[in-house]
Amino acid sequence: MPYIVASILRANEIFAPLEGFNPEALLGALREVETVREGIELLGLTDAIEYPGNAEVLIEFLDGLPPSLDASILAGLRSALSRGLRTQFTWKPGYAFDLTLWESSDQLADGKWVGLVNFLIVSPDPVEVQDAKAD
């Protein structure tokens, strides 16, 4: 799904930039967020989607995330940001919803954390709206 890929690429620009990473500001912005959908809307990740009809499809799709997966993504993201770790997201189509999370990090002698937290989200492939101009 190109629209999911576009949103994930934008998320990776926000949560894993090489320069200008501000985990405290991101954590503050997400503090009151209760769902992945709210976070995506707050951070404007749907703006990366070229065809507007697919932004609506993505929002509907996010509303269908199982609550445990939704909560797990937010908890993992908050944990990473609270330690100053970048995060990377990847999506893959599959039969059912699944989340694989792994962390490669270390706490330095000065207490600072270095590393990366990775989220691989698997989900059924949602229907994509076709751009009428492409016909």
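The values are calculated or read from the model by the stated rules, or taken from the named source; none is laboratory data. Predicted, not measured: the structure shown is a model, and the values here were computed from it. Here the Cβ is made from the backbone with ideal geometry for all residues, glycine too, and neighbour counts use every protein chain on show.
Looking only at residues in the stretch 83-100 that are assigned to a strand (DSSP E or B) and touching a Gly at 6+ places or on another chain (Cβ under 9 Å), which one is nearest to P124 (Cα to Cα)?
At the first step, the residues of the stretch 83-100 found to be assigned to a strand (DSSP E or B) are 86-93, 98-100.
With touching a Gly at 6+ places or on another chain (Cβ under 9 Å) added as a condition, the list becomes 86-87, 99.
Numbers: R86: 27, T87: 23, L99: 12 Å.
Result: L99.
Out of curiosity, is G28 free of Cβ contacts under 8 Å to residues at least 12 places away in the same chain and at positive phi?
no
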Filter pass, L45 being touching a Ser or Thr at 6+ places or on another chain (Cβ under 7 Å) and without any contact (Cβ under 8 Å) to a residue 40 or more places away in the chain: yes
Those residues of the stretch 101-124 which are at pLDDT below 95, surrounded by 13 or more Cβ atoms within 10 Å (Cβ to Cβ) and of a type outside the set (A, V, I, L, M, F, W, C), in sequence order: S123
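Residues in the stretch 91-100: is at least one within 13 Å of V117 (Cβ to Cβ) and surrounded by fewer than 15 Cβ atoms within 10 Å (Cβ to Cβ)? Even if it seems obvious, please write down each step before you answer.
Restricting attention to the stretch 91-100, the residues satisfying the condition of being within 13 Å of V117 (Cβ to Cβ) are 99-100.
Those left that are additionally surrounded by fewer than 15 Cβ atoms within 10 Å (Cβ to Cβ): 100.
So far as the stretch 91-100 goes, yes, one or more of its residues are within 13 Å of V117 (Cβ to Cβ) and surrounded by fewer than 15 Cβ atoms within 10 Å (Cβ to Cβ).
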Boolean, G94 is free of Cβ contacts under 8 Å to residues at least 40 places away in the same chain and within 12 Å of the chain's Cα centre (by Cα): no
Condition met for Q130 (modelled with pLDDT under 85 and of a type in the set (S, T, N, Q)): yes
